[in-house]
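For reference, the structure discussed in these notes is given below.
The values are calculated or read from the model by the stated rules, or taken from the named source; none is laboratory data. Keep in mind the model is a prediction, meaning the values are calculated, not measured. For neighbour counting, all protein chains shown are included, and Cβ atoms are generated from backbone atoms with ideal geometry for every residue, glycine included.
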Amino acid sequence: MEINYQETSKDLLVRIDIHEKYGARNIDKWNIEVLDPKPGYKILDVGCGAGKQCFLYSDHTNGRATITGGDFSEELLDKARAKQAERSDKNINFQFLDFNKPFAFADNTFDFVSSAFAIYYAADLQFTFSEAHRVTKPGGRLFVTGPLPENKKMFYDIITEATGKAIPPMPGSSRFKGDIFNTISGIFAKTELLTFENPLTFPEVAPFIDYVRASLSEDRKLWTSMFNGKDEYEQMIGKIEKVAQKWFDRDDKLVMTKVVGGILATK
């Protein structure tokens, strides 16, 4: 099934900022604990966005790993390169990468390949993860993170109560434990599923609505099954805000738990 995934870089960055402000746990710390990149490693981050993972790996290795960040968005790559110029990381190369096409790297190049909340939107999972396998060294690892089906239940419960409509299946969370895990497991020698939970506590309704707006743009073709045009969208946001306020008044806070899966595979 082909999935037309598109979101603006602004919405992605809004969500990342909210995770950092209101989250109780640090997913970057978990990522490093799982992967523990070493000096001398060659690393590929697929769907690198503004370069967050690449800078994380560079810091952990004191700039002594060779890191490639690839993304489809030139806008996000520009942001990554601007940040790189500020930091003076000579060991990172940011370049265009469309994970629906052959990766422009030789076989057995990287010690590990990572992808945070991106590669699982591939049009052809078998093709894309086969490419990831091809460019990974024997004994090297793939680490893919994405939302599990139980991710941010409060968010979906509030939207369902506000709209009376069923939530459309999300291409990440609805497929992560099934199609995505099974595809990777069929290609790599060893595969395991790890879980990370991070409760986000909103001290008021406004930042939660900011999160809702940024999330409803995540895949417009899916979410627009719930509204038609800008006016209906704004009406829906108003209903969501009323329900969120009701929940907040009842509990004195809004707590939305992010439940992230990490598929760790070894070639």
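Kindly establish whether residue 49 is in contact with a strand residue (DSSP E or B) (Cβ under 9 Å, 6 or more places away or on another chain), buried (at least 21 other Cβ atoms within 10 Å of the Cβ) and farther than 19 Å from residue 106 by Cα. Before you say what the answer is, go through the steps one by one.
Values: in contact with a strand residue (DSSP E or B) (Cβ under 9 Å, 6 or more places away or on another chain): yes; buried (at least 21 other Cβ atoms within 10 Å of the Cβ): yes; farther than 19 Å from residue 106 by Cα: yes.
Considered against the rule, which asks whether it is in contact with a strand residue (DSSP E or B) (Cβ under 9 Å, 6 or more places away or on another chain), buried (at least 21 other Cβ atoms within 10 Å of the Cβ) and farther than 19 Å from residue 106 by Cα, residue 49 comes out as yes.
From the residues in the stretch 79-96 that are under 20 Å from the mean Cα position of the chain (by Cα), crowded, with 17+ Cβ neighbours inside 10 Å and among the hydrophobic types (A, V, I, L, M, F, W, C), which one is nearest to residue 64 (Cα to Cα)?
94
Tally time: how many residues in the stretch 181-211 are under 18 Å from the mean Cα position of the chain (by Cα) and buried (at least 17 other Cβ atoms within 10 Å of the Cβ)?
Count: 6.
How many residues does the stretch 226-250 contain that are closer than 19 Å to residue 211 by Cβ, surrounded by 10 or more Cβ atoms within 10 Å (Cβ to Cβ) and acidic (Asp, Glu)?
Residues in the stretch 226-250 being closer than 19 Å to residue 211 by Cβ, surrounded by 10 or more Cβ atoms within 10 Å (Cβ to Cβ) and acidic (Asp, Glu): 2 in total.
Scanning for something aliphatic (A, V, I, L, M), at negative phi and over 24 Å from the mean Cα position of the chain (by Cα), does the stretch 242-255 turn up at least one residue?
yes
With respect to the numbered conditions (1) farther than 29 Å from residue 138 by Cβ; (2) of a type in the set (D, E, K, R); (3) modelled with pLDDT of 95 or more; (4) not in a helix (DSSP H, G or I), which one is the sole condition not fulfilled by residue 64?
The one condition residue 64 does not meet is (1).
Can you find even one residue in the stretch 92-115 that is under 18 Å from residue 178 (Cβ atoms) and of a type in the set (A, V, I, L, M, F, W, C)?
no
List the pairs whose first member sits in the stretch 241-267 and is assigned to a helix (DSSP H, G or I), whose second member is not hydrophobic (A, V, I, L, M, F, W, C), and whose Cβ atoms are under 7 Å apart, counting only residues at least 6 apart or on separate chains?
243/161
So which of 112, 99 ends up being in contact (Cβ under 8 Å) with a residue 40 or more places away in the chain, assigned to a loop (DSSP other than H, G, I, E, B) and crowded, with 21+ Cβ neighbours inside 10 Å?
99
Which residue, of 224, 191, is free of Cβ contacts under 8 Å to residues at least 40 places away in the same chain and in contact with a Phe, Trp or Tyr (Cβ under 9 Å, 6 or more places away or on another chain)?
224
Scan the stretch 48-61 residue by residue and report those that are in a loop (DSSP other than H, G, I, E, B), touching a helix residue (DSSP H, G or I) at 6+ places or on another chain (Cβ under 6 Å) and on the phi < 0 side of the Ramachandran plot.
Of everything in the stretch 48-61, those that are in a loop (DSSP other than H, G, I, E, B), touching a helix residue (DSSP H, G or I) at 6+ places or on another chain (Cβ under 6 Å) and on the phi < 0 side of the Ramachandran plot turn out to be 48, 50.
Conditions (1) out of contact with any Ser or Thr (no Cβ under 8 Å at 6 or more places or on another chain); (2) under 15 Å from residue 129 (Cα atoms), marked per residue:
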position	(1), (2)
69	yes, no
72	yes, no
75	no, no
80	yes, no
93	no, no
97	yes, yes
104	yes, yes
112	no, yes
